[in-house]
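Here is the structure we will look at, set down as structure tokens.
Taken together, the values in this text are just the output of simple stated rules run on the coordinates, not laboratory data. A quick note: this is a predicted structure, and the numbers were derived from the prediction, not measured. All Cβ positions, glycine included, derive from the backbone under ideal geometry; neighbour counts span all protein chains shown.
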Amino acid sequence: MNLFLNKYLAFLTIITLLACGNSSDDGSANPVTPNPSDTESYRFVEAFSGLEFNNPVELVNAGDGSNRLFVVERRGTIKFFNATQSSPSPTDFLNISSKVRSGGEMGLLGLAFHPNFESNGFFFVNYTKDNPQETVIARYKVNTPASGVADPGSETILFTFAQPYSNHNGGSIHFGPDGYLYIATGDGGSGGDPQNNSQNKGSLLGKILRVDVNATDKGNYGIPADNPFVSESGARPEIYAYGLRNPWRISFDPETKQLWTGDVGQNAWEEIDIITKGGNYGWRLKEGDHCYNPSSNCEQTGLIDPVWEYSHSNGDRSVTGGYVYRGKKLPGLVGKYIYGDYVSGRVWALEAGNNTTPKNSRLAGTVSSLSTLGVDEQNELYFCSLGNGKIFTLSTATP
Ligand SMILES: [Ca+2]
Ligand SMILES: [Ca+2]
């Protein structure tokens, strides 16, 4: 999609939203005939009254039947509460703030529970530290998984890698349907990827990594035998996909098993990608669908373009990747990738991939400084605000 077409469609979107006041616009230049799933109108409401967190950057469930939601606070703390209560009291789960360097894009950035957490009590974190400045992927343990809190002294480091700059640390970690741990890393930082890390398969930066936490061939983790670059000379065997700039929040669609991410752009284009094994997602050769370095006639052979991109021309400046909705409370959103923009706070529902023509619909309202989305054990969606620390959900009810 070229710049002018994108701007034109964005303009139409605004006009249609003003005219209709609903969330059913698809950005199309043609009059929209709403289908039944498009007629719902959504609004953001606080999900848990009175609950506020300190710079939340991740929200996950443990998949252990406890219905707990775990909120990761950037400073290095994790709290949980019962998602079935409307006014729950949070419990301190882990505090490693003394290990974590936080602020800006640094901090405790990722949390994932072992698929067998209920029996082994293992969970994994991704954080940045100082002296030296690096990312740490580590395992922790709770003593009694169902009700217990974590033991801060139980840290087992899987691996670390240097962070040349404070920004672009990725940070999201999730277990895939294959039982392996997927790790999103940024390009290391600065601007324009000055070290060209994302295209360098000898670097863990600017990648999606995949490791086996149950194996020990690399010490405290292992390499899945079918990782794409295990036999390529000079390539890090942990790499699953490359050419990413700052994949901020990854997730798996529990139904299709596809891995989605938002990849934050440089100066002009934010993108949504569906990640496939061995794929090259273009950065720093391309930003979205567009040549970046060089700015024209870039080598595009083999690069995978995003399934959706949006420009900075409307105040949207930093994508926050979300989830393909598979819950029950919002039938009109089932199967759509719900994501937003950190700067504008706007949120969209995207249908894309599988060779279909993408359709992107804005949902009404905004979530200020939208840092992350999350789902509970029923796959219902939540939205976290970094600035006010609150958690929001979507409601179809009339105020
Ligand atoms: Ca960095
Ligand atoms: Ca890309």
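Relative to its residue count, region 136-198 spans a Cα convex hull of 122 Å³ per residue. Overall shape of the chain was characterised from the C-alpha gyration tensor. The equivalent ellipsoid obtained from it has semi-axes of 31, 27, 18 Å, in decreasing order. Summary of packing: across the peptides 348-355, 103-110, the per-residue average of other C-beta atoms within 10 Å ranks them, highest first, as 103-110, 348-355.
Please state the equivalent ellipsoid semi-axes for region 282-357: what are the square roots of 5 times the Cα gyration tensor eigenvalues, largest first, in whole Å?
Details: eigenvalues 153, 54, 14 Å².
Listed largest to smallest, the semi-axes of region 282-357 are 28, 16, 8 Å.
Close amide H pairs (under 5 Å, H built 1.01 Å from N) link Tyr323 with Ile338, residues at least 5 positions away or on another chain.
Think of region 46-392 as a dipole: +1 on every Lys or Arg Cβ, -1 on every Asp or Glu Cβ, centred on the Cα centre; then among Asn143, Phe159, Thr320, Asn143 lies furthest on the positive end.
When each of the peptides 65-74, 241-250, 117-126 is scored by the mean number of other C-beta atoms lying within 10 Å of its residues, the order from highest to lowest reads 241-250, 65-74, 117-126. Listed by Cβ neighbour count within 10 Å, with the fewest neighbours leading, Ser313, Ser296, Ser318 appear as Ser296, Ser313, Ser318.
Annotation: amide H of Ser318 within the under-5 Å range of Tyr342, Val343, Ser344, sequence separation 5 or more or interchain, hydrogens built in the peptide plane.
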